[in-house]
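Everything below concerns the one structure shown next.
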Amino acid sequence: DAYLPGPAKSITVLGELAPAATVEAIEKKAAEAAAPVPEAAPPAPPLLRLGVVEGLFDGADPGVAEAVQDALRKVAAAGARVEAVDVPEVREGLDLFMRGSVAGAELWAFLNRSLPGWIETLEPRVKQRVEAAEGMSAREYIDRRHLLSELARRAAARFAGYDALVAPTVVSTPPKLADLEALDAYAQANLRALRNTSVANTLGLCAVTVPVGVDAAGMPVGLMLMGSPRGEGRLLPVADAVERVVGWQVSLPG
C-alpha cells in the first residue's frame, strides 16, 4: 500500500494487475494523475503490426517459446502482420542490464541517504546486489544514464512501422524454492526471470503481458507486448485485440 519514489528512479514505474486488457485500460484511466494518454479502439487483427524480437526467445525453457509462437500464429492467421524484427537497442539494453544498469546504484544511494539503518536488515540476496553497486563511480553512473537516454531515443523510432514489439514475458519456468537456496543459484534465476521485462524498463517503453498458454511444466506463459514511450493508450487496445484472438485464460490449479 506504499510506494517509495526515491529508489531506482531512472527505471522504476508502477504496474497494474488486471484479468483482461480492457479492465487494465479502465484502471489506468482512473489512475492517471497528469497528462492522460489518448485511448484508441481495439484495432481489427488485419490492422495489427507486430514485430517479433527473436533474440528474446533465446534460452527459453521447454514449452515457453512454443506457447508464444502458437499465439502469434493465431494472430497472424487472423490477418495481422507478424514478422521478425532486429532491434539492436535490445541487445545493448540487455548488456547494460547484465552489468547492473543504474538501479542498484540508485537504490544504494537512496538507502544510504534516507534509510541507512535498513541496509544491514536487507534480505541477504537483496543486500548482496545492493552492496555490489556501492563502488560504482560517478563517471560510470553518468555514462550509464547517458546510454539509457540514447537507447530510449533510438528505440522509440522502432515503432514507426509497428504497433507493438513482442516476445515471451519470462523465458524460464518458475524454479523450485529448494533450488534457490544458494546465492549464486538465486542470482542466475533472478537474472533469467527479469531479462525480458528489463528491456522495457531499460529502453523507456511501456509494456503489457497477456497469458497465452502453459509451458512443458504446466506453468502459465505470457506474451509481452511493448509499446512506444507513454503509449499505454495505444498499447492496451492492441493487447485487447490479441486477447480476443488468442482467447486463452489462465486456469489456476485447485
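All of the numbers you see were taken from the coordinates with simple rules; none came from a lab. These numbers were taken from a predicted model, which means no experiment stands behind them. All Cβ positions, even for glycine, are placed from backbone atoms using ideal geometry, and neighbour counts span all protein chains on display.
Structure values in brief
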item	result
Rg/Rh (Cα only; Kirkwood hydrodynamic radius) as it applies to segment 178-254	1.06
Net +/- balance of residues flanking L183 in space, Cβ distance below 13 Å, scoring K and R +1, D and E -1	-2
Two-site label geometry, W118 and N190: point separation in nm, points 7 Å out along Cα→Cβ	1.5 nm
Principal axis dimensions, segment 81-214 - Cα atoms, whole angstrom, descending	53, 40, 21
Neighbourhood net charge (10 Å Cβ-Cβ; Lys/Arg +1, Asp/Glu -1) for S228	+1
Residues Y186, Y162, sorted so that the one with the fewest Cβ neighbours within 10 Å comes first	Y186, Y162
Virtual spin-label span in nm between Y141 and A76, 7 Å along Cα→Cβ	4.6 nm
Cleavage-rule hits (trypsin sites (Lys or Arg not before Pro)) in segment 67-110: DSSP loop, at most 14 neighbouring Cβ within 10 angstrom	R99
Per-residue Cβ neighbour rank within 10 angstrom, fewest leading, T202, T173	T173, T202
